[in-house]
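The values are calculated or read from the model by the stated rules, or taken from the named source; none is laboratory data. Everything numeric in this text was worked out from a predicted model, so none of it was measured. Don't worry about glycine lacking a Cβ; one is built from the backbone with ideal geometry, like all the others, and counts go over all protein chains shown.
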Amino acid sequence: MSAKEMEATSSKPVEKLEKLQEMFEIRKQNHELKRQDFEMKEKLNKQHMLETLLAKKKEPLNEIEMALKKKLISDMLL
């Protein structure tokens, strides 16, 4: 085997490793974006529940609804 052939075969594992590292970074970024997306959706859902409770003016809130309202407000303030 010539020196050029040996050099070509020895660089292939390095290239594979670099590609794997790049793929790992992409997946890591994708996971982080999905986590942020989930957190935002959860926050929007809580805001919608609070808006629904606040808009309920015709009848008084029961104890469970009142407790939920207080918890949602305190969560939003933190």
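May I ask you to verify whether residue 70 is at pLDDT 90 or above, within 21 Å of the chain's Cα centre (by Cα) and of a type in the set (D, E, K, R)? So residue 70 does not fit the description; no.
Restricting attention to region 29-71, the residues being among the acidic types (Asp, Glu), in a helix (DSSP H, G or I) and surrounded by fewer than 11 Cβ atoms within 10 Å (Cβ to Cβ) number 5.
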